[in-house]
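S.K.: This is the structure I have questions about; it appears just below.
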Amino acid sequence: DNATRAIMHLTNEKGNRKLMCNKIILQALVDASNLEGQENTEMRDSAVLAIERLATEISNRQCMSRHDGLLVAIARAAEREHKSELAGEKNTQPRLAKPLLMSL
C-alpha cells in the first residue's frame, strides 16, 4: 500500500509523469488496481488515481493504451465505481475510471 501511495504522490508532479510512464510502473499499478477484497480498496484507488494522472500527459496515452492489462484494469475499476454509485455508497475519491477509460 505504501509503495502504491508513493507512486500516486509522485504522479502529482507534472515533471514526473513522462518518466514514470514505463512498463515497470504501469505493471505495478495494473497489479495494484486488480487486487481483490475490501482491505485493498485504498490501494486500488491509489493505483487508479496514479494511472489517471499519468494519462493527463497526452504523450503517455499511446504507451498506456498498449500496456497489457491496463485497459482491462481500468474497465474493472469503472465497473466497481458504477456498482458503488448504484448502491449509494459514499466515495471519498472522485470517480475517475470511466473518464480515464474514455481518454485512452
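Each reported figure results from applying straightforward, stated rules to the coordinates on display, with no laboratory input. If you're wondering where the values come from, they're calculated on a predicted model, not measured in any experiment. Here Cβ is always computed from backbone atoms with ideal geometry, including for glycine, and neighbour counts include all displayed protein chains.
S.K.: Mind checking whether some residue in segment 37-50 is more than 18 Å from Glu81 (Cα to Cα) and either touching a Ser or Thr at 6+ places or on another chain (Cβ under 9 Å) or in contact (Cβ under 8 Å) with a residue 24 or more places away in the chain (or both)? Walk me through how you get there before you give the answer.
M.R.: So in segment 37-50, the residues more than 18 Å from Glu81 (Cα to Cα) come out as none.
No, segment 37-50 contains no residue that is more than 18 Å from Glu81 (Cα to Cα) and either touching a Ser or Thr at 6+ places or on another chain (Cβ under 9 Å) or in contact (Cβ under 8 Å) with a residue 24 or more places away in the chain (or both).
S.K.: OK, next. Would segment 71-83 turn up any residue that is closer than 26 Å to Asn2 by Cβ, of a type outside the set (S, T, N, Q), in contact with a helix residue (DSSP H, G or I) (Cβ under 8 Å, 6 or more places away or on another chain) and surrounded by fewer than 18 Cβ atoms within 10 Å (Cβ to Cβ)?
M.R.: Looking through segment 71-83, at least one residue is closer than 26 Å to Asn2 by Cβ, of a type outside the set (S, T, N, Q), in contact with a helix residue (DSSP H, G or I) (Cβ under 8 Å, 6 or more places away or on another chain) and surrounded by fewer than 18 Cβ atoms within 10 Å (Cβ to Cβ).
S.K.: Then there's this: With the requirement that a residue be part of a helix (DSSP H, G or I) and surrounded by fewer than 14 Cβ atoms within 10 Å (Cβ to Cβ), what does segment 27-40 give you?
M.R.: To start, the set of residues in segment 27-40 that are part of a helix (DSSP H, G or I) comprises 27-33, 38-40.
Hits for segment 27-40 are Gln38, Glu39.
S.K.: Could you tell me how many of the residues in segment 2-21 are part of a loop (DSSP other than H, G, I, E, B) and exposed (fewer than 14 other Cβ atoms within 10 Å of the Cβ)?
M.R.: Filtering segment 2-21 for residues part of a loop (DSSP other than H, G, I, E, B) gives 11-13, 21.
Then drop every residue that is not exposed (fewer than 14 other Cβ atoms within 10 Å of the Cβ), which leaves 12-13.
Looking only at that region, the number is 2.
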